[in-house]
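Input: a single structure, listed below in structure tokens.
Coordinate-derived values only; no laboratory data. Model, not experiment: these values are computed from the prediction. So basically every Cβ, Gly included, is an ideal-geometry build from the backbone, and we count neighbours across all protein chains shown.
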Amino acid sequence: MVNYGTEVAVALTPVEGESLIAYTVNGEDKSSELINGKHSIKVTSDTEINVQYTNFSGIEDVNAVEAVVYASAGAINIVTSKNEEVHIYNMSGIVENRQFVDGQAQIVKTSGIYIVKVASKVYKVVVK
């Protein structure tokens with residue numbers, strides 16, 4: 001338990017051969033705020049930290065689709081390990097967005113349920 005108002009230092013250190021692909025605090029992407037793998041958070045309510053790593057160093061990963069897809073307030077966030085074609089469909093099956101993502105992208109969407117296709121993988125995302 002961390003007391004209200006406490007400043008918490010988060011240090012992210014992947015094991016050898018792994019890379020950070022997503023870092024969120026309460027559903028918001030905070031990857032760009034990392035400085036040398038460190039980030040400070042002032043705790044003012046229940047706080048959820050999510051960190052995702054992946055291994056891009058192995059030969060078996062060369063042709064694999066490596067992607068993380070998640071929702072944040074009013075947006076769909078996509079993180080890829082290489083340039084991938086992304087389609088976002090509404091629940092009627094209509095393509096609302098089509099673009100290539102190489103690294104990270106945040107696509108603003110109204111609240112609803114979406115199907116996101118990154119290369120050959122499909123994800124269901126709920127935007128609030």
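Brief remarks follow.
- Note on region 7-127: the C-alpha convex hull projects to 8.2 nm² when averaged across all orientations.
- Choice from 25, 101, 69 with maximal GNM fluctuation in the chain (Cα, 10 Å cutoff): 25
- Modelled this way, with points 7 Å down the Cα-to-C-beta line, the labels at residue 128 and residue 28 are 1.5 nm from one another.
- Rounded to the nearest 20, the size of the Cβ-charge dipole of region 7-127 about its Cα centre is 380 debye, with Lys and Arg at +1 and Asp and Glu at -1.
- Applying 1/(1 + (r/R0)^6) with R0 = 30 Å to the Cβ-Cβ distance of residue 6 and residue 110 gives a FRET efficiency near 0.25.
- Computed from the C-beta positions of residue 19 and residue 72, the FRET efficiency with R₀ = 25 Å rounds to 0.75.
- In this simple spin-label approximation, residue 45 and residue 120 carry label points 7 Å from Cα along the Cα→Cβ vector, and these lie 4.2 nm apart.
- For residue 39, the shell of other residues with beta-carbons less than 10 Å away shows a net charge of +1, using +1 for Lys and Arg and -1 for Asp and Glu.
- If you count Lys pairs in the chain whose Cα atoms are under 30 Å apart, skipping same-chain pairs closer than 8 places in sequence, the total is 23.
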